Amino acid sequence: MNSEDIKQGEASALCRTYARYPLAVSRAEGTRLFTPEGRVYTDLLAGIAVCNLGHSHPELVEVICAQAKKLVHVSNLFYQEEQVALATRLLGTSHLKRVFFCNSGAEANEGAIKLARRYMREGRGEERFEIITLSGSFHGRTLATLTATGQDKIKTGFGPLPEGFITVPFADLEAMKAAMNERTAAVLIEMIQGEGGVKPLPQEYVRGLAALCAEKGVLLIIDEIQTGVGRTGKFWAHQHLGLVPDIVTVAKGLAGGLPMGAVMCSEEVSKGFPPGSHGTTFGGNALISAVADKVIEIIERDDLCGRAARMGDWLRGRLEGIKSRLPEQIAEVRVHGLMIGIELTHPGAEVWKALLERGFVLNLTQDTVLRLLPPLVITEEELEAFCRALESVLAGK
Ligand SMILES: Cc1ncc(COP(=O)(O)O)c(C=O)c1O
């Protein structure tokens, strides 16, 4: 099919949920996307922070083929070596001790919410069920996670929404303190709000919040669905501050493009998931677990976290240079490893479109923020080519 056939076919058959980019992708390799007509794009989005090793990584292709011949799926009624290997490797990146595998980010957060509520009942014998989240956050599209999400547009038309969620202003510790009471089970935060425009929480806020949670006996859940798996220059973004959250959720980059999520928790909090309390048919099947295991092995072996940090440092300097030359165009540059937000002083749709026309795939979020989440294997040359294109578009050349 050519691009036009695909667009027309979609128009008559798929639900109209997505505002698609004007682009069909039929093949991808490394950091390149190819249209059916053979046009090539540099991928600065990695399937929204998913394909961290780039597309069609030869070692992942090999594992997919070998595992497909051995065992793809048998369900969670059975013990599986691949899950154990992955769990061991994943937990080795963290201070947390147990993991539950699922299929997406929303499902990981949904699981974390269930775990926090049930832990309070089973482990602490308390009727605490409220989850506090921050304005501007994004936690998913299931009913519980869209209720947890601090953006009204995500909730429109889906009421009545589940009870027990409170949203407080971003980075306001006093507001958080005021919202906590004897009903509070957990606080759910992103270290850097991704969909919210690459907005990091200030360090002193996060430290204060962690201390407050410890003082009040409230669980701290960190949503690392976008920031995890090396994206920000450490395996987990909360490790930059040496935090020890009770629960961490992950998805996106975990299985290199196959759908997988996970809820990681402390030994103590895992008491909230006694046998039979939670489950999923596909979560952690043999194929996906084998691939995720290889993803983490490669990230560690090739020091892709360190690479993300170094590339981010280089890019920050380059983007700050552009900002200083074009202060009327760029309001702020936010670079955290390879999670990058370039906040424009004006709506960015035209800039985004011009960059796409020049062959760069990136994202526009919150109307004014150009967001880059490139594969962790992106090269300096590719980022340099993007910087040149950005400066020329912003300068109107
Ligand atoms: C921080 C965060 N949490 C949760 C989600 C939801 O993940 P999924 O789309 O896999 O359900 C996303 C997706 O963008 C995210 O960025």
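The values are calculated or read from the model by the stated rules, or taken from the named source; none is laboratory data. The model shown is predicted, which means the values in this text are computed figures rather than measured ones. Methodologically, a virtual Cβ is constructed for each residue, glycine included, from the backbone with ideal geometry; neighbour enumeration extends over all protein chains shown.
Below, the figures for the structure above:
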| read-out | value |
| --- | --- |
| Of all residues in the stretch 127-144 being of a type in the set (Gly, Ala, Ser) and near the ligand (Cβ under 8 Å from one of its atoms), the one that is nearest to ASN103 (Cα to Cα) | GLY140 |
| Test: LEU45 is touching a Leu at 6+ places or on another chain (Cβ under 8 Å) and at pLDDT 95 or above | yes |
| Residue tally, condition in a strand (DSSP E or B) and either within 10 Å of the ligand (Cβ to nearest atom) or crowded, with 24+ Cβ neighbours inside 10 Å (or both), over the stretch 211-227 | 4 |
| Complete set of residues in the stretch 94-125 that are more than 16 Å from the ligand (Cβ to nearest atom) and touching a helix residue (DSSP H, G or I) at 6+ places or on another chain (Cβ under 7 Å) | LYS97, ARG98, VAL99, ARG118, TYR119, GLU122, GLY123 |
| The stretch 43-57 residues that are farther than 18 Å from ALA309 by Cα and within 14 Å of the ligand (Cβ to nearest atom), paired with ones that are of a type in the set (Lys, Arg) and modelled with pLDDT of 95 or more (beta carbon under 6 Å, 6 or more apart) | none |
| Number of the condition not met by ALA11 [criteria: (1) small (Gly, Ala, Ser); (2) closer than 25 Å to TRP352 by Cβ; (3) in contact (Cβ under 8 Å) with a residue 24 or more places away in the chain] | (3) |
| Single match in LEU161, LEU134 (criterion: at pLDDT 95 or above and closer than 21 Å to GLU224 by Cα) | LEU134 |
| Unmet criterion (only one of (1) among the charged types (D, E, K, R); (2) touching a helix residue (DSSP H, G or I) at 6+ places or on another chain (Cβ under 8 Å); (3) touching a residue at least 40 places away in the same chain (Cβ under 8 Å)) for GLU267 | (2) |
| VAL333 vs. criteria crowded, with 16+ Cβ neighbours inside 10 Å, under 30 Å from GLU81 (Cα atoms) and of a type outside the set (Asp, Glu) | no |
| Filtered residue count, the stretch 228-277, keeping only those that are away from the ligand (no atom under 11 Å from the Cβ), in contact with a strand residue (DSSP E or B) (Cβ under 8 Å, 6 or more places away or on another chain), more than 23 Å from LEU77 (Cα to Cα) and outside any helix (DSSP H, G or I) | 11 |
| ILE166 within 16 Å of the ligand (Cβ to nearest atom) and surrounded by 14 or more Cβ atoms within 10 Å (Cβ to Cβ) | no |
| Enumeration of residues in the stretch 111-144 that are more than 19 Å from VAL218 (Cβ to Cβ) and not hydrophobic (A, V, I, L, M, F, W, C) | GLY136, GLY140, ARG141, THR142 |
| Residue list for the stretch 182-208, filter: over 19 Å from MET264 (Cβ atoms), assigned to a helix (DSSP H, G or I) and not basic (Lys, Arg) | GLN203, GLU204, TYR205, GLY208 |
| Qualifying position, being within 24 Å of TRP236 (Cβ to Cβ), touching a Cys at 6+ places or on another chain (Cβ under 8 Å) and hydrophobic (A, V, I, L, M, F, W, C), among VAL84, VAL99 | VAL99 |
